[in-house]
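Notes follow the structure.
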Amino acid sequence: MVHEGHRQRMLQKFKNGEVSLDHELLEILLFNAYPRRNTNPVAHALLDTFGTLRGVFEADIEEMIKIAGVGEDVAAYIKCVGACAKPAYSVEPVDVFLTNYGEFKEFAARRLRVKTYEVLELYMLEKSGRVKYVYSHTTQNKHGVSVDRADLLAAIAPVRPYGIIAAHNHVTGDSRPSGNDDIFTKEMSAICEMCGVRFLDHCIYAADNDVYSYFGSDRLD
């Protein structure tokens, strides 16, 4: 089977010390949870949502099972692995904080530069700047990404963040906003007001040195 050959190659890479990326490590870990399934999409979805391996291990089971393909048994397995590993990483920094524009740009670039299609992400922050939750959505279209207002409300309301930064990428290499980007920004502002959340910025990533900021351009109400 195709998946079986891929698994053997990944395991051999791991044995050779050639696996270092978080999504690869999580993909291999999930081999035990999914005996006959491609675990790569689930690994990416978990990391897109919770940011880091540690974020995945410490996520609530109720939050994990919201991800397509993650049931209670898989979520419990991940939590168990995290509990076993906790003593080993207890001295490492726990959280991601976005307290200035430079930290945000680095965080967004790390997540968006590898994408080959447009992705919308909402970074939901506590008042301290700590990233409380990441909502990541894509339709795997190179020329745009759309999401319903109801889906955004459903993602934001349970988290109850202090503030939100919206970010998406332009794979064309030009960060200038489109008319649809302007419409989304106004819609996002209205949704945040409805939820009692501060809408801090909407940024468009095209390259590490080409990021458009609605706030920085004085276009955010």
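Derivation of every value follows stated rules applied to the coordinates shown; laboratory data play no part. Quick caveat, the model's predicted, so the values are computed rather than measured. Every residue, glycine as well, gets a Cβ built from its backbone with ideal geometry; the counts of neighbours run over all protein chains shown.
Descriptive notes on the structure:
- Of all DSSP bridge pairs formed entirely within the chain, close to 70 percent run antiparallel.
- Backbone HN-Hα couplings from phi across segment 130-143 [Karplus 6.51/-1.76/1.60, Hz, Gly and Pro as x]: 5, 6, 7, 6, 10, 9, 10, 9, 8, 10, 6, 10, 6, 10
- The stretch between Asp182 and Lys132 holds 15.4 nm of extra length on full extension. This uses 0.36 nm per residue minus the Cα-Cα distance.
- Anisotropy class of segment 2-89 from Cα gyration tensor, a/c 1.5 cut: oblate
- Working from Cα pairs under 8 Å separated by at least six residues, relative contact order for segment 1-71 is 24 percent.
- Charge dipole magnitude, Cβ of K and R +1, D and E -1 - segment 100-211, Cα centre, debye nearest 20: 320
- For Phe215, the residues 5 or more places off, or on other chains, whose built amide H falls under 5 Å of its own are His202.
- Listed residues Ala68, Ala167, Ala59, most fluctuating in the chain (Gaussian network, C-alpha, under 10 Å): Ala68
- Residue with peak Gaussian network fluctuation, the chain [Cα springs, cutoff 10 Å], from Leu53, Leu25, Leu122: Leu25
- Average Cα contact separation per residue, segment 101-213, under 8 Å, 6 or more apart, as relative contact order %: 29
- Couplings for segment 148-165, taken from phi via the Karplus curve 6.51 cos²θ - 1.76 cosθ + 1.60 with θ = phi - 60°, read 6, 4, 4, 5, 5, 4, 5, 7, 7, 3, x, 7, 6, x, 6, x, 9, 10 Hz in order; Gly and Pro are left as x.
- Placing pseudo-labels 7 Å out from each Cα toward the beta carbon at Ser146 and Asp73 gives an inter-label distance of 3.8 nm.
- Bridges between two residues of segment 91-221, per DSSP, are antiparallel at a rate of about 70%.
- Taking Ile165, Ile28, Ile78 as the candidate residues, the one with maximal mean-square fluctuation in a Gaussian network model of the chain, Cα springs under 10 Å, is Ile28.
- Peptides 175-183, 40-48 ranked from most to least packed by the mean count of surrounding Cβ atoms within 10 Å: 40-48, 175-183.
- Förster-model FRET efficiency, 41 Å R0, Phe215 and Arg37, C-beta, rounded to 0.05: 0.50
- Magnitude of the charge dipole for the chain, about its Cα centre and with charges confined to Cβ atoms of Lys, Arg (+1) and Asp, Glu (-1), is about 520 debye.
- Reachable lysines from Lys13, criterion Cα separation under 27 angstrom, eight or more residues apart if same chain: Lys79, Lys86, Lys115
- Gain on full extension, evaluated as 0.36 nm per residue between Ala157 and Arg9 minus their Cα-Cα distance, stands at 49.1 nm.
- With an a/c value of 1.5 or above and a/b larger than b/c for the gyration tensor axes a ≥ b ≥ c computed over the alpha-carbon atoms, the chain is described as prolate.
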